[in-house]
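Q: The following block contains the structure, expressed as structure tokens.
The values are calculated or read from the model by the stated rules, or taken from the named source; none is laboratory data. Keep in mind that what you see is a predicted model, and the values were worked out from it rather than measured. Here the Cβ positions follow ideal geometry from the backbone for every residue, glycine too, while neighbour counts run over all protein chains shown. Quick note on the areas: whole protein, heavy atoms, side chains included, nothing else; ligands and nucleic acids left out. Shrake-Rupley method; radii C 1.70, N 1.55, O 1.52, S 1.80 Å.
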Amino acid sequence: MYNIIQHSHSGIMWLVVVMLTLSVIFSLIKLIKKEETASAHWYKFFFYTKWLMYIQALLGITLMFISPLVHFGEGFMKNEGWRFYGMEHPLMMLIAIGLVSIGLFKSKKKATAIKKNKTIFIYYAIALVVMMFMIPWAAVMS
Ligand code: HEM
């Protein structure tokens, strides 16, 4: 059970990185081109990216209860690995997922396509930077 969830969480990370990066690139291209139409199929792409991050969060929350890397006992804050997997990584990833959710929600309320794309670009780009810093690349590449 732990192995399946841990490998799924680790594998889905690549899909999240690719879809979030593409969302940032395409919203920027639409912004630069000052496109007047907010195409439905791009909105679906931004929407699916958000939902994939929700699935990643669900797997992550499950790992909080079963991962041997998560330990909330004596010395939690002094131990870099416990502090990272028990607090820093979950907290910052939830912030990144929150930014994507707020960005998509706010962009729908914008009147023009240019403002919609600008909102998506800003929120998704900040979320991407936060996420790239909080992915344990050493563990992934090992
Ligand atoms: C989009 C968001 C997220 C991404 C891209 C992500 C990515 C990753 C990656 C790449 C690993 C290392 C897996 C490995 O060792 O191969 C990991 C581990 C972990 N993540 Fe996340 N994570 C995300 C969200 C979360 C959230 C929201 C939580 C908890 C609330 C969480 C909890 C954990 C835990 C506990 C581990 C350690 C699992 C283990 O190796 O035993 N993650 N995460």
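Q: Look through the range 1-14, keep the residues that are within 9 Å of the ligand (Cβ to nearest atom) and open to solvent by 70 Å² or more (accessible area, probe 1.4 Å), and return whichever of them is farthest from Leu63 (Cα to Cα).
A: Among them, the one singled out is Trp14.
Q: In the range 96-125, which residue that is among the charged types (D, E, K, R) and assigned to a helix (DSSP H, G or I) is nearest to the ligand (Cβ to nearest atom)?
A: Lys106
Conditions tested, residue by residue: (1) within 19 Å of Gly11 (Cα to Cα); (2) at pLDDT 95 or above.
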| site | (1), (2) |
| --- | --- |
| Phe45 | no, no |
| Leu52 | yes, yes |
| Ala96 | yes, yes |
| Ile102 | no, yes |
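Q: In addition: If you check Ala57 against the conditions, is it within 18 Å of the chain's Cα centre (by Cα), modelled with pLDDT of 95 or more and farther than 23 Å from His9 by Cβ?
A: In short, no.
Q: Turning to a different aspect of this structure: Looking at the range 1-17, I want the residues that are among the aromatic types (Phe, Trp, Tyr) and have a partner that is more than 7 Å from the ligand (Cβ to nearest atom) and part of a helix (DSSP H, G or I) with Cβ atoms under 7 Å, at least 6 apart or on another chain. Which pairs are those?
A: Tyr2/Ile66
Q: Also: For the range 18-52, what are the residues that are free of Cβ contacts under 8 Å to residues at least 60 places away in the same chain and aliphatic (A, V, I, L, M)?
A: Val18, Met19, Leu22, Ile25, Ile29, Ile32, Ala40, Leu52
Q: For the range 62-95, which residues satisfy the criterion of being part of a helix (DSSP H, G or I) and near the ligand (Cβ under 6 Å from one of its atoms)?
A: Leu63, Met64, Tyr85, His89, Pro90, Met93, Leu94
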